[in-house]
Amino acid sequence: MTNNTVSTTARVLGAGLRALLVLTLVCGVIYPLAVTGVAQALFNDRANGSEIKDTKGRVVGSSLIGQRYDLPLKKGEETPAPDLKWFQPRPSNGLGTNSVNTRYSLILSGATNRSGDNAELIRWVKDAKAAVVKDNSTPTYRVKPRDVPADAVTSSGSGLDPDISPAYAKLQVHRVAEKNGLDVKQVEGLVRNHTTDRLLGFMGEPRVNVLELNTALRELTQH
C-alpha cells in the first residue's frame, strides 16, 4: 500500500512537473516570441513605441505622447515659461518637459474633470487665451482672440495629446518664424508637410504632431 501511494504520488508530481515545463516553454517562451515576431514583422513602428528620430538617428520621443517646450524654471517661478522658438502643444500639466528634444520624463496624466461652467476652469481658459494672443502676436502679425482655437486653451482628456489642430499650428507660424529668423513661407510649408488629414477622408479631424513638427523645425534651423 505504501509503495503504491509513493508510486502514485511520484507519477502525479512527475506529470505536474512535465506540465509546468511544457506550459512554461509554450506560454513563457514560444508564445511571446511568436507575438513579438508578428508585431515586429507587421507593425514594426508601433511595436517599438512609435519612435520619432532626428536625422542623426537619435530617438527624440514617441509620436503618441506629447512633450512640452519650456524655458528652464527660474527662481521664484512655479511653472516655467514656454520656449517661444518652438511650436507649443495643448495646455497640460501631464507632459514631460523637454526643451531640447533629448530628455523626456513623464510626470502625470489625466483630465481636470471640471464642468464647463466651473469658475476656475473658465478663468484658466481666459488666462490661456490671453497668453496665446500675447505670445503669438508679432510686430507684423496680430492675433485676435476670436482666432484662438479651442485646443490652444484646453487640455485633452488624457493630458498627453501629441497633436494640435492645423488652426493652432498656423496661428503660431509668424512667432516661430520671427524667433528663428526664418521666412514665414518656410514655416508654413513645415506645417503643411506635417498635417495629417482625416483617416479615410472622414474619420477624426486633421491634426499636426507637435514633436514631429518641432523635430523638422530643429533640422531646418541647424542648416
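Just the residues that are surrounded by fewer than 16 Cβ atoms within 10 Å (Cβ to Cβ), modelled with pLDDT of 80 or more and of a type in the set (A, V, I, L, M), please, taken from region 76-123.
A81, A119, L121, I122
Within region 208-223, which residues are at pLDDT 90 or above and either more than 23 Å from N180 (Cβ to Cβ) or of a type in the set (V, I, T) (or both)?
Correct list: V208, V210, T215.
If only one of L73, L64 is surrounded by fewer than 19 Cβ atoms within 10 Å (Cβ to Cβ), over 16 Å from the mean Cα position of the chain (by Cα) and more than 15 Å from E219 (Cα to Cα), which one is it?
When all the criteria are applied, what remains is L73.
Among the residues of region 36-52, count how many are small (G, A, S) and either loosely packed, with under 13 Cβ neighbours inside 10 Å or at pLDDT 85 or above (or both).
Number of matching residues: 3.
Does region 125-139 contain at least one residue that is more than 17 Å from Q88 (Cα to Cα), at pLDDT below 95 and outside any strand (DSSP E or B)?
yes
The values are calculated or read from the model by the stated rules, or taken from the named source; none is laboratory data. As the structure is a prediction and not an experimental result, all values here were calculated from the model. Neighbour counts are summed over all protein chains in view; Cβ atoms, including those assigned to glycine, are modelled from backbone coordinates with ideal geometry.
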